[in-house]
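The values are calculated or read from the model by the stated rules, or taken from the named source; none is laboratory data. Note that the coordinates shown come from a computational prediction; the quantities given were computed from them, not determined experimentally. Cβ coordinates were reconstructed from backbone atoms using ideal geometry, including for glycine residues, and neighbour counts include every protein chain displayed. What goes into the accessible areas is simple: the full protein's heavy atoms, side chains included, and nothing from ligands, DNA or RNA. Shrake-Rupley method; radii C 1.70, N 1.55, O 1.52, S 1.80 Å.
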Amino acid sequence: MSHRRDFDVVVVGAGFAGSTFARVAAQQGACGLLLENSSDVGQVVHSTGVLIAEVLELTHIPQSILLDPVHTFHIYPPDRRRIALNGPGFRYWMSNPAGLLRGLAEAATAAGSELQTDARFTQAQSNSGGVIVTCCGSFSCEACCIRCRLERQCLVCCGSACRAWAG
Ligand SMILES: Cc1cc2nc3c(=O)[nH]c(=O)nc-3n(C[C@H](O)[C@H](O)[C@H](O)COP(=O)(O)OP(=O)(O)OC[C@H]3O[C@@H](n4cnc5c(N)ncnc54)[C@H](O)[C@@H]3O)c2cc1C
């Protein structure tokens with residue numbers, strides 16, 4: 001069943017960026033919809049979970065998802081040289097990335113954004129009344145942004161979803 005609902009902002013993907021944006025948008029008073037393709041937030045994780053310590057100061061990271069401090073971590077660029085990231089000023093934490101994704105989505109809904117999982121964004125079309133956003137999955141709807149006070153900046157893509165929207 002497809003039904004139409006109005007939002008100020010539609011965020012595609014409850015990843016690190018999407019959920020954080022949806023929380024901040026709700027805290028700014030926007031009526032937001034956060035669409036996530038997977039049936040559970042954190043089901044798909046694109047991260048090892050190493051956090052630079054500054055992230056803890058910048059955003060809402062539940063203490064419960066932090067594991068251990070990391071003093072050095074190595075990255076291997078395509079040429080396979082090992083690069084050690086350590087020394088003064090380098091501070092990291094190992095985290096539970098799936099727990100972090102769930103925690104960020106919970107903070108977005110606690111701030112007032114609506115989360116819909118199993119909702120794959122498929123299309124956005126703008127018309128005189130705003131932007132019609134269509135998604136499919138168990139949550140299938142047309143979200144329109146008639147009341148968009150932000151003019152047409154009401155569709156925000158996050159992470160891999162950008163590629164989907166750009167078609
Ligand atoms: C192997 C690997 C390890 C990494 N390790 C680290 C690390 O340790 N520390 C670190 O800081 N960074 C790490 N990164 C980088 C980090 O994972 C990315 O920068 C981060 O995931 C980007 O977050 P995002 O929210 O933009 O996108 P994503 O995390 O990709 O989230 C996008 C979300 O959108 C959903 N989605 C996609 N298409 C649609 C659609 N059409 N409709 C609805 N939902 C959709 C996806 O299911 C997903 O939940 C790593 C990356 C990789 C590949």
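How large, in Å, is the range 1-87 by the Kirkwood hydrodynamic radius built from its alpha-carbon pairs?
Hydrodynamic radius (Kirkwood, Cα only) of the range 1-87 equals 16.1 Å.
What is the Cα radius of gyration of the range 50-95 over 2.2 N^0.38 Å, N being its residue count?
Cα-based Rg divided by the globular estimate yields 1.29.
How many nm is it between the label spots at VAL50 and GLN123, if each spot is 7 Å from the Cα in line with the beta carbon?
Label at VAL50, label at GLN123, 4.3 nm between them.
Find the accessible area per residue for the range 50-95; the probe is 1.4 Å, ligands and nucleic acids are left out, and the unit is Å².
74 Å²
I'd like to compare 40-50, 70-80: which one has the highest average count of other Cβ atoms within 10 Å, and what's the full order after that? Kindly include the intermediate steps, with their values, before the conclusion.
Values: 40-50: 14.7, 70-80: 9.5.
The densest-packed peptide leads the list: 40-50, 70-80.
Less than 14 Å Cβ to Cβ from ALA53, Lys/Arg counted +1 and Asp/Glu -1: what total charge do the surrounding residues give?
Taking every Cβ under 14 Å from that of ALA53, the sum is -2.
Quote to one decimal, in nm, the extra length available between ALA110 and GLN43 on full extension: 0.36 nm per residue of separation minus the C-alpha distance between them.
Going from the current span to full extension adds 22.1 nm.
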